[in-house]
Amino acid sequence: MKRCVIFSLAEDTDEMKALLDTLGVRVMREFVQRRERPHKASFLGPGKIDEVFQELEELEIDLIVVSGVLRPSQHHFLEMKFQKECVDRPGVILRIFADHAHTPEAIAQVTLAKLRYELPFLREWIHKAKSKNRPGFLAGGGYATDVYFEHAKTHARRIEQGLLELSRQREITRRKRREKGYSLVSLAGYTNAGKSALMNKLCESDVLVNDRLFSTLSTTTRKVKGIKGTILMTDTVGFIKDLPPDLVNAFNSTLEEIFYADLILLVLDASEDEEIINQKLATSLSVLQPRVENRTIAVIGNKVDLLSQGRMESVTAAVKKTIGDYELFMTSAKSEEGLDRLRERIAKVRNFDCEISATIPMTNESYSLLSRLRSISEVQEQVVGKSSRIFIRCRREDMDRIIGWLGTVGAMNTTGRSIASNGTSEQARDSTGSEGAPLP
Ligand SMILES: Nc1nc2c(ncn2[C@@H]2O[C@H](COP(=O)(O)OP(=O)(O)OP(=O)(O)O)[C@@H](O)[C@H]2O)c(=O)[nH]1
Ligand SMILES: [Mg+2]
């Protein structure tokens, strides 16, 4: 196990420690210097650097972790001064992503983010022309660094093109799903909030749930169970504060799966301190809001099994204050509390605002049509002698094609109508001239 020390400008290093725990790095000491801003040349101030230097002589460590974002010149200074590999917060996050990336797409995305992240540091080393002194990776002289720099740029461009193609393919898949009448719901939110655990409960799926950060990097889409019609749910990568912009951009094709859903479930861990909840909520909203346009966001306060009644009330009140008009659902993926209410909300994305009734003969063709209809609409059936009377609730855009399909299996007395959200009929459309019964 690698050992490190942390340099920080704030007392609260909990999240950095959780990141390092996920990465499998042991923290030997923390050096905190409260400052408004990092020192321009050395991150910590020169006095503190000298003090740390003395102390590090006694301590065996493999790397220095900076709980912040380093400029290339600061990075260069710290590595030269301490002769140790030095990693900042984006660097730590990138290493976790690299460890957890298993699908070809995730590997390509992480590689691209890593290349983009490293380029400014490489430029600095070339500029200083002292790379032969560099400890850790990429040591080996100015010439090698130069060659690596050029190679990295070409490599990054090639990956970018591959990812663009993947993004296009994802768009096609999304379009096909919509054409089939499927609705899409995505899970978004801070890492470790319980997105995958919720997905497993709602979809009876088996995706990885783990107490470490960024367990999920690639995207999984499954059908939501217990709801009529096909609603697909997508679980994907979580957010974190100060996510390196290179990483956000590299993961664009994955993040698009969140942004383009009909309903976005923004999950938070309701068992944390209210201040932390609000910070994480703000981070998640800052990623989502600029990209989601007019899509609906509902906030999910998860892990309520860990809350007392009193805490539940105060957390609910605090979250409501932050989220304004967004709906809030308090749930537990563990005890399943609140999941029925959440399912009811998810079911509403289907937006079934039309109803069709028809009488169909009980033939094999009718049965295969019925099973197709059940994937895009809500179907109820009453057997009347040798025929079936069916009542269908569907989306307005599917009404004509459903009536067409019913015609091909010999349906009689087919009636279609739009209904307002309160269930009253807005306009009737009778394809056979006879009045259809309202849905039971
Ligand atoms: N007590 C309790 N623990 C939960 C609940 N939901 C999830 N957890 C735990 O929280 C941890 C994180 O859960 P995940 O579902 O992996 O979280 P995630 O949001 O998918 O996290 P990443 O994929 O890493 O972004 C796991 O240890 C889960 O067992 C819950 O409702 N109650
Ligand atoms: Mg997950």
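Out of 58, 15, I need the residue that is of a type in the set (Asp, Glu) and surrounded by fewer than 18 Cβ atoms within 10 Å (Cβ to Cβ). Which one?
So the residue among 58, 15 that is of a type in the set (Asp, Glu) and surrounded by fewer than 18 Cβ atoms within 10 Å (Cβ to Cβ) is 58.
When region 254-297 is filtered for residues that are hydroxyl-bearing (Ser, Thr, Tyr) and either touching a Cys at 6+ places or on another chain (Cβ under 6 Å) or crowded, with 21+ Cβ neighbours inside 10 Å (or both), the ones remaining, listed by number, are 254, 284.
Here residue 205 passes the criteria (1) polar (S, T, N, Q); (2) under 19 Å from residue 167 (Cα atoms); (3) surrounded by fewer than 19 Cβ atoms within 10 Å (Cβ to Cβ) except the one numbered (2). Across region 356-378, the qualifying residues are those that are surrounded by fewer than 19 Cβ atoms within 10 Å (Cβ to Cβ) and among the aliphatic types (A, V, I, L, M), and the one among them that is nearest to residue 227 (Cα to Cα) is 370. Residue count for region 63-74 under the criterion of being crowded, with 21+ Cβ neighbours inside 10 Å, outside any strand (DSSP E or B) and touching a residue at least 40 places away in the same chain (Cβ under 8 Å): the result is 1. The residues in region 260-306 that are hydroxyl-bearing (Ser, Thr, Tyr), touching a residue at least 60 places away in the same chain (Cβ under 8 Å) and within 17 Å of residue 213 (Cα to Cα) can be counted, and the count is 2.
When region 383-416 is examined, which residues are found to be of a type in the set (Lys, Arg) and closer than 26 Å to residue 349 by Cβ? Show your work before the answer.
Initial filter on region 383-416 (of a type in the set (Lys, Arg)): 386, 389, 393, 395-396, 401.
Residues satisfying the conditions are 393, 395, 396, 401.
Against the test of being within 16 Å of ligand 2 (Cβ to nearest atom), more than 26 Å from residue 117 (Cα to Cα) and within 18 Å of the chain's Cα centre (by Cα), the options 267, 292 yield a single qualifying residue, 267.
Within region 75-93, the set of residues being part of a helix (DSSP H, G or I) and under 16 Å from residue 3 (Cβ atoms) comprises 82, 92. Is it the case, given these coordinates, that residue 223 is basic (Lys, Arg) and within 11 Å of ligand 1 (Cβ to nearest atom)? No; evaluated as a whole, the condition is false for this residue. Tallying residues that are outside any strand (DSSP E or B) and in contact with a Ser or Thr (Cβ under 9 Å, 6 or more places away or on another chain) within region 379-403 yields 6.
Yes or no, residue by residue, for (1) modelled with pLDDT of 95 or more; (2) outside the structural domain of residue 189 (by TED's automatic domain parsing); (3) in contact with a helix residue (DSSP H, G or I) (Cβ under 9 Å, 6 or more places away or on another chain):
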residue	(1), (2), (3)
329	yes, no, yes
340	yes, no, no
373	no, yes, yes
378	no, yes, yes
393	no, yes, yes
396	no, yes, no
399	no, yes, no
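Close contacts from region 350-370, counting a first residue that is under 26 Å from residue 232 (Cα atoms) and a second that is of a type in the set (Asp, Glu) and modelled with pLDDT of 90 or more, with Cβ to Cβ under 8 Å and a gap of 6+ residues or different chains, come to 370/381. Each residue in region 15-60 was checked for being within 31 Å of the chain's Cα centre (by Cα) and part of a helix (DSSP H, G or I), and 9 of them qualify.
Only one of the listed residues (284, 253, 196, 205) is over 30 Å from residue 370 (Cβ atoms) and within 12 Å of ligand 2 (Cβ to nearest atom). That residue is 196. Within region 157-199, the set of residues being within 17 Å of residue 109 (Cα to Cα) and in the same structural domain as residue 222 (by TED's automatic domain parsing) is empty. Scanning region 193-244 for residues that are out of contact with any Ser or Thr (no Cβ under 6 Å at 6 or more places or on another chain), touching a residue at least 60 places away in the same chain (Cβ under 8 Å) and among the hydroxyl-bearing types (Ser, Thr, Tyr) turns up just one, 215.
Scanning region 230-250 for residues that are more than 14 Å from ligand 2 (Cβ to nearest atom) and hydrophobic (A, V, I, L, M, F, W, C), we see that the one that is farthest from the chain's Cα centre (by Cα) is 231.
The values are calculated or read from the model by the stated rules, or taken from the named source; none is laboratory data. Bear in mind that the values here come from a model prediction, so they are computed numbers and not experimental data. No Cβ is skipped: glycine too gets one built from the backbone with ideal geometry, and neighbour counts run over all protein chains shown.
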